[in-house]
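Down below is the structure, laid out as structure tokens.
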Amino acid sequence: MADKRRNLIRNIVTLAAIYAIIQLLISFDIIDQHLQLNLFLLCINIILAVSLNLITGFTGQFSLGHAGFMAIGAYVSAVMTLKLHLPFPLAIAASAVSAAIVGVLVGIPTLRLRGDYLAIATLGLSEIIRIIALNIDYIGGASGLADIPRYVNWPWIFAMTAGTIIIIYNFIHSSYGRACIAIREDDIAAESMGIDIAHYKILAFTIGAFFAGIAGSLYANYFYFLKPNAFGFMKSIDILVMVVFGGLGSITGSVVGAAALTLLSMVLQDLPTLRMILYALLLLVIMLYRPQGLLGNAELSWKLLKRGDKDAAATNSK
Amino acid sequence: MPPLLTANDVSKNFGGLNAIANVNIEVHPGEIVGLIGPNGAGKTTLFNLITGVYIPSGGQLKLHGEVEVDLAKASPHEIAGMGIARTFQNIRLFKEMTVLDNVMLAYHVHIDYSLWDAIFHTPSYIKSESELRRKAIELLDIFDMANKKDIPAKNLPYGQQRRLEIARALALQPKLLLLDEPAAGMNPQETADLMKLIMWIKDRFNLTILLIEHDMSVVMGICQRIYVLDYGKLIAEGTPEDIKSNPQVIKAYLGED
Amino acid sequence: MAVLLQQLLNGISLGSIYALLALGYTMVYGIINLINFAHGDVYMIGAYIGFIATALLGLGFIPALLLSMAISALLGMAIEKVAYRPLRNSSRIALLITAIGMSLLLEYTTMYIAGPDTRSFPTVLTNRQYSFMSGQVNISSMQLYILVISIMLMILLQFIVQRTKIGKAMRAVSMDKDAAQLMGINVDTTISATFAIGSALAGAAGILVGIYYNSIDPLMGITPGLKAFIAAVFGGIGSIPGAMVGGLLLGMIETLVSGYLNSNYRDAVAFVILIIILLIKPSGLLGKNTGEKV
């Protein structure tokens, strides 16, 4: 218990320190506009990757439609702030809830599907969302919405990112999270242990979509403008790559994955084609040589950092 | 004493093939009942029918607890919740989860904290989880595995994987335990230990056990009654002595080889 | 009536392209249970080879078609050997992600080399319009070419699968890999051949589309690729006649929707069909159901 409390305190102190240092750097303009943009993008990507990891990494439901949930959140938030002039806290809450509702709707029909069939169905559903957005004039159709008010600042981004990580971490480390992992490991055995598989699959989709909706809202109210094609198939793949790169079933892995790939895009942003080639090669190399991702299903922790990750990696690899 | 589980004229066919045909069995509280028969006789199919993995094509399957339940109408997780736990012939552990988590998972139906508590790690979550952890370790201790609680289940040796599956089933706190070939792949020493363990947990947890087993020393050693299946039909039932001398059983087994 | 006929004709041309592509998906899925995301990109490469052959090398249509099919076949085999074979025993998700990686690699390498712009094909075939019903229904010679070539290729495929030794091996491996191996069938060669045949068909579809629409670009394979996969699921994944039927039906439904309802929703139709078929009959129109053993 004392050990747990010490860890908790250490985590709180670390979070507060990260928040304060970055806030200071922003205040003194050491983190300039350009860096700040990439930092915010990184945080949005972390939220997306961690929430997809809950669905795909922990519950084992292979989803290729995460961008669809993000799109719902982004559009709801944009319409509420731009067209209805509602306050941002309300908009972000509504984004999360509407994405979660869509998550339930996506979760229900996909219950009967597994593996690649589920992947292709979620891909289809998110494409349908995008095509519908393309055809609604109220939200700007293909040209999208512009001049969305910018409400997102560092406190917002930080709170949402840290909140997502903490809530999903806590969920995973509870009886509910164990049920999700058990479904991933062996759904027939999980059922025989009294787990209502349908309930948990939908729950995972709902929670995952909820946070993707938040990411969408942050995106819309930071970047001023959005259009449907930003939420296509490639965006879903992008998020999946972050999760896979970091390790399916590792929350810290998703953070590392999001950071690595956001950094890669930042460095190569003037060479978009080359960036995609590298991206593709990275995917192939990871799958061929380390299919479990950087961290596998281990978590980066204080203990691990101190000891070096040798023994933890040894128990978790393969 | 009234039976705990009854199968009345139960059948199951797969595309015209009768895997189980008009089977009648009764299991009484506190009994250890054996289910034997050559390969492909329909033993595991019967387990799958009892646990709701398959729906019977005909007949009735009932669990007689405080209320009578029609098992044909319940889904697998509901049946587990009613107190029927099982192990699998081909070991279905949650491989990447730790030994402890495998057991803790099975307490799931008895959890008393909400999703809200879980997400915010409220005092009610903390209290409930640490209680659960204590119980799970206690259970693992019975199986001599408490010292292995933190390693992934897949890293256990084969015999211990089988034992962990039983421990996991017990964590569900069942009334009826179904064991599908618990001694498969074990050496004679492990088998002897397993028999002692089964007898012990039956008394300790007040269980009724139905078990499929090929190892006759196990079946004859611990079962009070035995049912014999062949080609989906019940060909004999009785005490171990009756079964040993039953000519039809001998024929079914010799005909197999 | 005339409008409907015209729509159906257009639908059949589009549908035969989907069918050619769907065949590759269904064959590969049947044999190694993989959604080969890179298949649409093989089709794109096929179109580029066709472009090089006609515009740069000045070849005629038939030599260009054959060259494109041959190089696509080699490419398909290479992809299988480099990316999929080493992962044959890994998880499905690893295999699928590898396929996505392969797809991106082909798209952006092409973009890097050939540039992101759309290119137009030279006219290699004279395009005549044939009119019926006093000019209300038109069919172009290009549409006829697509139809005739697709049908010929499908007949050839049926012949290969049903009558030849390699076809028998393909059917055996897709039913039970281990048993086929025990029967002395070389599983690696058979899988390789499956990729070669499927990719050759994709290459043919690529050059046909290039000539028909007169424009090609490095990302042209994504949407038709997804749709052809949907066509394969629609018809029943793993079933060769299913892929043909699924492709033709999808093509016709799409043109009907864009003709009678709203052309903006054309791309959504395929996905709606996909969701419906997956929920109602996941085995597809002509597929078989399979369950998991406990």
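So, in the stretch A:54-92, exactly how many residues are of a type in the set (S, T, N, Q), part of a helix (DSSP H, G or I) and over 20 Å from residue A:159 (Cβ atoms)?
The number of residues fulfilling the criteria is 1.
Can you tell me which residue is surrounded by the most Cβ atoms within 10 Å (Cβ to Cβ) among those in the stretch C:251-264 that are free of Cβ contacts under 8 Å to residues at least 12 places away in the same chain and in a helix (DSSP H, G or I)?
The extreme case among them is C:258.
Would you point out which residue out of A:84, A:105 is open to solvent by 20 Å² or more (accessible area, probe 1.4 Å), of a type outside the set (Ser, Thr, Tyr) and within 30 Å of residue A:179 (Cβ to Cβ)?
So the residue among A:84, A:105 that is open to solvent by 20 Å² or more (accessible area, probe 1.4 Å), of a type outside the set (Ser, Thr, Tyr) and within 30 Å of residue A:179 (Cβ to Cβ) is A:105.
Looking at C:188, C:217, C:267, which is the one that is away from chain A (no Cβ under 14 Å) and either among the polar types (S, T, N, Q) or surrounded by fewer than 24 Cβ atoms within 10 Å (Cβ to Cβ) (or both)?
Matching residue, one of C:188, C:217, C:267: C:188.
State yes or no: is residue C:86 modelled with pLDDT under 95 and closer than 21 Å to residue C:218 by Cβ?
Against the criterion (modelled with pLDDT under 95 and closer than 21 Å to residue C:218 by Cβ), residue C:86 does not qualify.
Check the stretch A:87-98 and report whether any residue there is buried (at least 17 other Cβ atoms within 10 Å of the Cβ), modelled with pLDDT of 95 or more and touching a strand residue (DSSP E or B) at 6+ places or on another chain (Cβ under 8 Å).
no
Give the residue, chosen from B:161, B:189, B:173, that is open to solvent by 20 Å² or more (accessible area, probe 1.4 Å), more than 9 Å from chain A (Cβ to nearest Cβ) and not in a helix (DSSP H, G or I).
Matching residue, one of B:161, B:189, B:173: B:173.
Do you know which residues across the stretch A:117-142 are acidic (Asp, Glu) and buried (at least 21 other Cβ atoms within 10 Å of the Cβ)?
A:127 - this is the single residue of the stretch A:117-142 that is acidic (Asp, Glu) and buried (at least 21 other Cβ atoms within 10 Å of the Cβ).
Could you check residue A:237 against (1) open to solvent by 10 Å² or more (accessible area, probe 1.4 Å); (2) within 11 Å of chain C (Cβ to nearest Cβ); (3) hydrophobic (A, V, I, L, M, F, W, C) and say which number it fails?
(1)
Taking the options B:34, B:81, name whichever one is under 22 Å from residue B:6 (Cα atoms), open to solvent by 30 Å² or more (accessible area, probe 1.4 Å) and at pLDDT 90 or above.
Result: B:81 is the single residue among B:34, B:81 that is under 22 Å from residue B:6 (Cα atoms), open to solvent by 30 Å² or more (accessible area, probe 1.4 Å) and at pLDDT 90 or above.
From the list A:274, A:294, exactly one residue is within 12 Å of chain C (Cβ to nearest Cβ) and either part of a helix (DSSP H, G or I) or surrounded by 18 or more Cβ atoms within 10 Å (Cβ to Cβ) (or both). Which is it?
One residue alone meets the criteria, A:274.
Restricting attention to the stretch A:257-271, does a residue exist that is out of contact with any Lys or Arg (no Cβ under 8 Å at 6 or more places or on another chain), within 12 Å of another protein chain (Cβ to nearest Cβ) and closer than 17 Å to residue C:105 by Cα?
Yes - at least one qualifying residue is present in the stretch A:257-271.
Let me spell it out: the conditions are (1) on the phi > 0 side of the Ramachandran plot; (2) outside any loop (DSSP other than H, G, I, E, B), and residue C:107 meets all of them except one. Which number is the exception?
All conditions are met except number (1).
Can you tell which of C:250, C:201, C:274, C:286 is at pLDDT below 85 and under 19 Å from residue C:26 (Cα atoms)?
The match here is C:286.
Being out of contact with any Ser or Thr (no Cβ under 7 Å at 6 or more places or on another chain), of a type in the set (A, V, I, L, M, F, W, C) and not in a helix (DSSP H, G or I) is the filter here; which residues of the stretch C:4-37 pass it?
If the condition is that a residue be out of contact with any Ser or Thr (no Cβ under 7 Å at 6 or more places or on another chain), of a type in the set (A, V, I, L, M, F, W, C) and not in a helix (DSSP H, G or I), then C:34, C:35 are the ones that fit.
Identify the single condition in (1) without any contact (Cβ under 8 Å) to a residue 24 or more places away in the chain; (2) crowded, with 24+ Cβ neighbours inside 10 Å; (3) β-branched (Val, Ile, Thr) that residue C:93 does not satisfy, given that it satisfies every other one.
Of everything listed in (1) without any contact (Cβ under 8 Å) to a residue 24 or more places away in the chain; (2) crowded, with 24+ Cβ neighbours inside 10 Å; (3) β-branched (Val, Ile, Thr), residue C:93 misses just condition (2).
Inside the stretch A:209-224, can you point out the residues that are within 12 Å of the chain's Cα centre (by Cα) and either over 12 Å from residue A:168 (Cα atoms) or more than 14 Å from chain B (Cβ to nearest Cβ) (or both)?
Passing the criteria: A:209, A:212, A:213, A:214, A:215, A:216.
State all residues of the stretch B:41-55 that are at positive phi and touching a residue at least 40 places away in the same chain (Cβ under 8 Å); if no residue qualifies, say none.
B:42
Take the residues in the stretch C:101-127 that are open to solvent by less than 20 Å² (accessible area, probe 1.4 Å) and more than 16 Å from residue C:43 (Cβ to Cβ), then tell me which one is nearest to the other protein chains (Cβ to nearest Cβ).
That would be C:101.
Of the residues that make up the stretch C:25-32, is at least one touching a strand residue (DSSP E or B) at 6+ places or on another chain (Cβ under 7 Å), hydrophobic (A, V, I, L, M, F, W, C) and buried (at least 24 other Cβ atoms within 10 Å of the Cβ)?
Scanning the stretch C:25-32, I find no residue that is touching a strand residue (DSSP E or B) at 6+ places or on another chain (Cβ under 7 Å), hydrophobic (A, V, I, L, M, F, W, C) and buried (at least 24 other Cβ atoms within 10 Å of the Cβ), so the answer is no.
To keep it simple, each residue is scored yes or no on (1) closer than 22 Å to residue B:206 by Cα; (2) more than 18 Å from the chain's Cα centre (by Cα); (3) of a type in the set (A, V, I, L, M).
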{"residue": "B:49", "(1), (2), (3)": "no, no, yes"}
{"residue": "B:54", "(1), (2), (3)": "no, no, no"}
{"residue": "B:57", "(1), (2), (3)": "no, yes, no"}
{"residue": "B:62", "(1), (2), (3)": "yes, no, no"}
{"residue": "B:69", "(1), (2), (3)": "yes, yes, yes"}
{"residue": "B:73", "(1), (2), (3)": "no, yes, no"}
{"residue": "B:78", "(1), (2), (3)": "yes, no, no"}
{"residue": "B:85", "(1), (2), (3)": "yes, no, yes"}
{"residue": "B:89", "(1), (2), (3)": "no, no, no"}
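Among the residues of the stretch A:27-63, count how many are modelled with pLDDT under 90 and more than 14 Å from every other protein chain (Cβ to nearest Cβ).
8
Residue B:113: among the aromatic types (Phe, Trp, Tyr) and either under 20 Å from the mean Cα position of the chain (by Cα) or crowded, with 22+ Cβ neighbours inside 10 Å (or both), yes or no?
no
The values are calculated or read from the model by the stated rules, or taken from the named source; none is laboratory data. Here the structure is a predicted model, which is why all the values come from computation and not from measurement. Cβ atoms come from the backbone with ideal geometry, glycine included; neighbour counts cover every protein chain shown. Ligands, DNA and RNA are excluded from the accessible area calculation, which covers all protein heavy atoms including side chains. Shrake-Rupley method; radii C 1.70, N 1.55, O 1.52, S 1.80 Å.
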